[in-house]
1. Can you give the log10 of the normalised intensity I(q)/I(0) at q = 0.04 Å⁻¹, computed with Debye over equal Cα scatterers of the protein assembly as shown?
2. Could you state the angle between the C-alpha long axis of helix A:46-59 and the longest principal axis of the C-alpha atoms of chain A, as a value from 0 to 90 degrees rounded to the nearest 10?
3. Within segment B:362-414, list the trypsin sites (Lys or Arg not before Pro) lying in a DSSP loop whose Cβ has at most 11 other Cβ atoms in a 10 Å radius.
4. Please average, across the residues of A:312-322, the number of beta carbons from any other chain that are within 10 Å of each residue's own beta carbon, and give a whole number.
5. Could I have the simple spin-label model distance between B:R273 and B:N131, label points 7 Å from Cα toward Cβ, reported in nm to one decimal?
6. What does the charge dipole of chain B about its Cα centre add up to, to the nearest 20 debye, if the Cβ of each Lys and Arg holds +1 and the Cβ of each Asp and Glu holds -1?
7. Kindly list the residues of segment B:1-43 that lie in the label zone of A:S45, defined by a backbone N under 15 Å from the point 7 Å along the Cα-to-C-beta vector.
8. With charges set only on the Cβ (+1 for Lys and Arg, -1 for Asp and Glu), what does the dipole of segment B:233-292 come to about its Cα centre, in debye to the nearest 20?
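Throughout, read-outs are computed from the coordinates displayed, never taken from laboratory work. Just so it is clear, the model here is predicted, and its values are computed rather than measured. Note that we place each Cβ from the backbone using ideal geometry, even for glycine, and neighbour counts take in every protein chain shown.
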2 protein chains.
Amino acid sequence: MNAEIIAIGSELLTPFRQDTNSLFLTERLNELGVEVRFKTVVGDSLKDLAAVAQIAISRSDIVIFMGGLGPTEDDLTREAVAEALGIELRRDPDIVAALYKRFAARRFTMTDNNKRQADVLAGAEVLHNSNGSAPAQWLATRYQDGERLIMLLPGPPHELKPLFDAECLPRLKRAVPREYIAKRQLKVAMIGESALDARIAPIYTKFPEIQTTILAHAGEVQIHLQSRADSQEEAERRVSVLAEKLEEELEASVFASEGETLEQIVGYYLQMRGETLAIAESCTGGLLAQRITSVAGSSRYFLGGAVVYSNQLKTELAGVSPAIIQEHGAVSKAVALALAEGIRVRTNATLGVGVTGIAGPTGGTPEKPVGLVFIALTDGKLPEVLERRFPGDRERIRLWASMQALDMIRRRLI
Amino acid sequence: MNAEIIAIGSELLTPFRQDTNSLFLTERLNELGVEVRFKTVVGDSLKDLAAVAQIAISRSDIVIFMGGLGPTEDDLTREAVAEALGIELRRDPDIVAALYKRFAARRFTMTDNNKRQADVLAGAEVLHNSNGSAPAQWLATRYQDGERLIMLLPGPPHELKPLFDAECLPRLKRAVPREYIAKRQLKVAMIGESALDARIAPIYTKFPEIQTTILAHAGEVQIHLQSRADSQEEAERRVSVLAEKLEEELEASVFASEGETLEQIVGYYLQMRGETLAIAESCTGGLLAQRITSVAGSSRYFLGGAVVYSNQLKTELAGVSPAIIQEHGAVSKAVALALAEGIRVRTNATLGVGVTGIAGPTGGTPEKPVGLVFIALTDGKLPEVLERRFPGDRERIRLWASMQALDMIRRRLI
């Protein structure tokens, strides 16, 4: 079966906004063996939207509309799809009642335009939206030569994603002929995309039946593997053979094999080893702490940290002696090590990390250029420090530095 | 005039890849007064591609095809567009010669399939591609009811962008009736999209000639205004009138009128007022510091901060007395205030901020649910503290909390 995804909203036709929901939906659809054949973006015009709906319904088995389900005059998806299918909209009294209740709970008065959200395509099932007021709709119908599955989903990603997983996925699984797909997502830190490809291309090209995609993203490279077979067992077996060969080649550079983030992996090892972590960071300015604490439950192993931009704070919060800063400069191996050890001692953590560098765009010198970063890790007995020169702008340098620090913690723990 | 952008390539229909060229093209087209009405993504299938081309050419004045111009069997854009227009492809001997030359210069032998890159739509101009082997094409032609401008551009952004600017833009400027466009981008913090719209719709709907787009994004709402006129002066004047009326209505809620970020604005005010800032954050885990330090030059006003996940660190780094934590709990007004004042005193900053809350998903109680956040700000004389209950998941709660803290600093300084 094939699918078409339609993103609706004039803002998606500006230079500022881009549909990203379709990537999520494509992943879910591919897992069911459904291929996405077209993606379209159309604005909030009834004429344009109805035309796009008409074309999509005539050529694709599954058509997913995203957005345009809200209460305003610009929200025209219901009307356009009804027009394209030549069916009616019916106002659902249960939805109207639920809307009244939702507004009352927040002590708002509901204006009349909100009732438009209760208009349902004749024959469609209403799908509950836990994170927004506009319900979604699911319609299985005959159109010309065949069966069609049509979904009307809300546009905001935090509404669409949980709704799709809870309501659409089970229905799709029943409706779509079964195919078995197995996947792996290896992630590699601190190796460039082309250097990585040069090492692994001789391996994966020997497995043409496995779809291999290599993507560089924010300081890591992802290797996506996907295989299809007549049974889940066989699909898993095939993808495992290649994944193992790649892991053999790349050894400890592979930090995840199920798509986990580096901060999740670091958290996992810290918890497993019973270690606790504290950090003192300068040029990353809180980014490292933020990444570590983005993992739910990180309070079990992350004690906290200091963001020490000024020299005074390096001393005040992380106990770095002013003499060390004086002698070596704030951006130096010695200060990175002093930050790591200082924050470790101050917080009683088992591991301490220190980061200092020049993120730019200003502040570089010929000896200490923009991009120079020192990263130190210590457990009180065995301190280590790395010197790196990261390319790119402020944002990329900070990102690479945080990546390197996380990878350093990981390598200490594995 | 209106335009349609078509991105070609099966990789753009996977979960991993996304067309971004269209954002660049949209910006350029909008500046000429050309509106983008549709965007389509289609794979490397002659049938699908010809169908998409046919639809686009029948409904849009300007049709831009991106990708599918290479030498491989998958590169089918030339054939598909010729088929859709019902015209011929002619092999251009000059291009063939140039291809031979290019290969010879790199000491490669040219395989025959490369000659496909010399196939030109009858009547089209060939546009030189300085960064790749496939030349682009420009065709001005009559189709059914009107004139059409059709462009075939290479897919890789580093080929497409310079080529478009050098070759297509001058031709478009001659072909498109001259229009003058003025823009504003107001940004508003801590007001919901629908509440904002309810307040400003009565104003902007009185200016139908100005295109108003409202976008909610990561805790802020953006109001994009765009006006067109016969002179730049008139366009600017029109958009200014509406922008001023909106700013009057929204008063201090508007934090930027030229698209600046909240952290840039906060940095601007801190520097202008000669203030320095330090923060002690718990539930935001470094996110607030990271946002503040994402601005180049932030070291001039940001001294640093403490990420204090554990109670011990709240005391150790931010000087919060254990008795206050004992009495009120770590998530409380009193602790937020103590964090703000403690870090301010400890660092000698003129302003201190404290954030404590429950980002979830665990750790909530009936009295102190997930999403409860206290944010305090003090200059040593006038402390203030906000209690908020943010909706959503861990990531959103942290984002909203950081936004609220930034907005609180801004309001203190304006």
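1. -0.19
2. 90
3. Passing sites in segment B:362-414 are B:K381.
4. Partner-chain Cβ atoms within 10 Å, mean over residues of A:312-322: 3.
5. It is 4.4 nm.
6. About 760 debye.
7. Hits in segment B:1-43 for A:S45 at 15 Å: B:1-5, B:30, B:33-40.
8. 280
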